[in-house]
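One structure is given here, and the rest of the page talks about it.
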Amino acid sequence: MQDHIDLAAYSYRFVDFEQANIFQANCAVPITFRDYENLRHYHAAYRRKYIIPLSEVVDLCRDKKAFNEAIRQTAFAALIPPMLQRHDVQFPFVLKKRISEAGLDVHMIKDATDAAHYAEQIASDDYICQKYVPGAVEYATHMLMAGGKLYYHSTNEYRMGQDFIVKGDAVRPQQEAFGIEADAAIIEQLAGILRAIGYEGTCCFDYKLADGQIQLLELNPRCGSSLFREINLYLAAYHEALRRP
């Protein structure tokens, strides 16, 4: 992030919000879940200096099963790949831990051998089984929502090189394209999901496209690391959102 911030426009410092006094700051930008909690707890009097989601909305988004079930009750149900019953799975499918990040505890189950290897996880309520969305291209769209209005979005494209690969910290894409032009209809659908669950703040959607339609992999209710490549545009939008009526 430090390499991208326009120092002629912004001065900044990284702080622990549990210890820092944000009284003199123009804004406070949370990066981690701990930042959310510390801002709520220690800086409630300065809430016009930051934008964060409600704790119950964060909890909903982090729990993949609860999030998928919630969205399937909205007008955006078709954007969620079906969750599968453990006794009636069809190969290939994706095994996901309900609460995890960065592609950790997400496994491709391509056949009975894979299923036997992960039998304990498949049987666990801490995991879900979900229909696999084919394709070697994934997208990440960062968004900033405040007061039901979308103030910022940027989209990246990731080419994995082959199918049946889970993008994350353990497996990096072969090609990355940052700040691509995303279709307006896609942006509006993603923003609609945020409005449907009452999301305020910064987040990152991970998804694939199947015949031009979003197939949502997850919604990360925090800043994604690739957001900071366009940090100055984001900060400008963040200040604009803080100035809303």
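The values are calculated or read from the model by the stated rules, or taken from the named source; none is laboratory data. No experiment lies behind these values; they were computed from the predicted model shown. Neighbour counts run over all protein chains shown; Cβ positions are idealised from the backbone, glycine included.
Some points to look at:
- Which listed residue, of Ala182, Ala140, is closer than 18 Å to Leu219 by Cβ, at pLDDT 90 or above and not in a strand (DSSP E or B): Ala182
- Selection within the stretch 215-245 - of a type in the set (A, V, I, L, M, F, W, C) and touching an Asp or Glu at 6+ places or on another chain (Cβ under 7 Å): Leu217
- Residue match in the stretch 157-169 (condition: more than 30 Å from Ala28 (Cβ to Cβ), small (Gly, Ala, Ser) and at pLDDT 90 or above): no
- When restricted to residues that are of a type in the set (D, E, K, R) and under 30 Å from Arg243 (Cβ atoms), the stretch 110-161 contains 1.
- If you go through the stretch 5-40 and keep only what is without any contact (Cβ under 8 Å) to a residue 24 or more places away in the chain, surrounded by 10 or more Cβ atoms within 10 Å (Cβ to Cβ) and polar (S, T, N, Q), you end up with Asn21, Asn38.
- Of all residues in the stretch 78-102, those satisfying the criterion of being among the hydrophobic types (A, V, I, L, M, F, W, C), under 17 Å from Leu216 (Cα atoms) and free of Cβ contacts under 8 Å to residues at least 40 places away in the same chain are Phe93, Leu95, Ile99.
- The single condition from (1) acidic (Asp, Glu); (2) free of Cβ contacts under 8 Å to residues at least 24 places away in the same chain; (3) surrounded by 20 or more Cβ atoms within 10 Å (Cβ to Cβ) that Glu138 fails is (2).
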